[in-house]
1. Which of the lysines could a cross-linker span from residue B:136 if the Cα-Cα distance has to be under 30 Å and same-chain partners fewer than 8 positions apart are dropped?
2. Can you pull the Kirkwood radius for the protein assembly as shown, inverse mean 1/r over Cα pairs, to one decimal in Å?
3. For the protein assembly as shown, give the share of DSSP beta bridges that are antiparallel, in percent and rounded to the nearest 5; count only bridges with both residues there.
4. Post the alpha-carbon centroid distance, segment A:213-242 to segment B:14-75, in whole angstrom.
5. Could you name the aspartates and glutamates in cross-link range of residue A:220, using Cα to Cα under 15 Å and dropping any fewer than eight places away on the same chain?
6. Given charges of +1 on the Cβ of Lys and Arg and -1 on the Cβ of Asp and Glu, with all other atoms neutral, how large is the dipole of segment B:3-195 about its Cα centre, in debye to the nearest 20?
7. Note down the nm distance, to one decimal, between modelled labels 7 Å out along Cα→Cβ at residue A:26 and at residue B:149.
8. How large is log10 I(q)/I(0) at q = 0.10, 0.17, 0.18 Å⁻¹ when the Debye formula is applied to the Cα atoms of segment B:3-195, each weighted equally and without solvent?
Amino acid sequence: MRTPDRKEITPEPLYLNRRNFIRAGVFAGSAAVTGLMYRAYRPDSIAVAPEEAPQSFGELTKRSEFQANETPNSFEDITNYNNFYEFSTSKTAVAREAQALKTDPWSVEVGGLVESPRTYSLQELLNFPQEERIYRFRCVEAWSMVIPWVGFPLAALLDQMRPTAEAKYVAFETAYDRSVMQSSFSAGIDFPYVEGLRIDEALHPLTLLATGLYGRPMPKQNGAPIRLVVPWKYGFKSIKSIVRITLTDKEPPTTWNIAAPREYGFYSNVNPNVDHPRWSQKRERRIGEITMRETLMFNGYEKEVADLYRGMDLEKFY
Amino acid sequence: MDNARFLKLILGVNALIPLGLLLFDAATGRLGANPIEYFLRATGVMTLVMLLATLTVTPLRKLFGWNILIKSRRMLGLLAFFYCSTHLVTYSIFDKSGNLTAIVGDVAQRPFIAVGMAAFLVMLPLAVTSTNGAIKKLGGKNWQRLHRLSYLVAILGVVHFWMIVKSDLYYPALFATGLALLFGIRLFYRQTAKKEGQKPGLAFRPD
């Protein structure tokens, strides 16, 4: 090996300077990468302020008996914190991913044990008189919101279909399009998403087919263009983006019940006295609040719906 | 500053960047509709990241001879404990309103809470004995034996995460795979050391 000439050796101050320069680069670079990784895992909301959108529904009936005496959550919160496992299992990412859902054209096939099965176009469903209903919404994950839905009672549709005497249950099915529902392979539950109600639950005046919220058409992440809302049951019963409604004589299979039968029953009524096997249902975090509040029996709709379950053991039929 | 200390600075700063961004987002209302849940989840995930980082030091030394990392290991472990404490405090205050009876009831009733609490309680003596004085007092052998509990902490942490997920096991599985890989490397070196009749320990590789 050749000994370097004295003049070839980098002078110490220059060497130290270079080292500091490299170190500063490493420092800044690593910090930037860490920061970007953090941001990548915290998707920004794609919020649209409600006033930017046109009022799409004309005069809405606002019936006083369906106005929960509470302040609704903001449009931004309602449209950026969603469970829609077909698109993402992250509640903050659904708003972005669900924009891929194609809602035009849309139709809902109603059949099974009815006298006049038929397929409704979305416009035909929007021709039912639409009204605003402010409901509490309680997720099985122990958070809740207050949402000003727009829609019409499911009973109005079912009355038109004239269910036969054998019809005891109503089954619902969500649209399933693998090409846009990217999360459906890893979500850990089966698709298409299916749900069901007993026919007396389906005919209850509180049970709503919702076509919008905050006076405008249903945002995709909230289950566009038409979804079910059953305010006294955990949120996952309120199936989104419905394409099929079938009347049956047997209790229909339901998605979360198939995934974990011990954790999610067919009824899934909001009930602070029956805990989820893994967590408590006694309290909930209302979105926008810091501490937890008490969960109400049947989500506060006890007076209206308790009769449906008279004599039933609600611990057995959870 | 020598290289070991510079590395320690880099690792420490990067480990705290998520906390800084979390606090910034919290202060400016950017944690989404359910900020408490987000903060809770993020500090939990950061605990697991730091636990795995701590357990990565030895495999990296064995695989690549990066002995310089040993000088950062204690700090990484303490950062795991710090994130874990933040996680626990957040849960206690915001989910349980600081009600000790409610917390004890939760631990008794909810297996996933019990597993998480167990992880914290096992971590506690490790954090307390992380000083040079404690190492001297315990003796290196005993200290090392005690701190092998960090494996248990990591397993409990991943199990805790796995148990709370509703159906999408992607992230818990990611941590579980990472942990299994780290254990695998350790076991491999342990077996090799046994075969060569060495005491299982760190084989220093000449550079």
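1. B:8, B:62, B:71, B:194, B:199
2. 26.5 Å
3. On the way: 38 of 47 bridges.
Given both bridge residues lie in the protein assembly as shown, the antiparallel proportion sits at roughly 80 percent.
4. Segment A:213-242 and segment B:14-75 have Cα centres separated by 37 Å.
5. Leaving aside aspartates and glutamates fewer than 8 places away in the same chain, those within reach of residue A:220 are A:76, A:77, A:86, A:97, A:104, A:177.
6. Numbers: 21 positive and 5 negative charges, 269 e Å.
Computed about the Cα centre, the dipole is about 1300 debye.
7. 3.4 nm
8. Debye intensities relative to I(0), on a log10 scale: -0.46, -1.27, -1.39.
Taken together, the values in this text are just the output of simple stated rules run on the coordinates, not laboratory data. Computed from a prediction, not measured in an experiment: that's the story for all the values here. In this analysis, Cβ positions are derived from the backbone assuming ideal geometry, glycine residues included, and neighbour counts consider all displayed protein chains.
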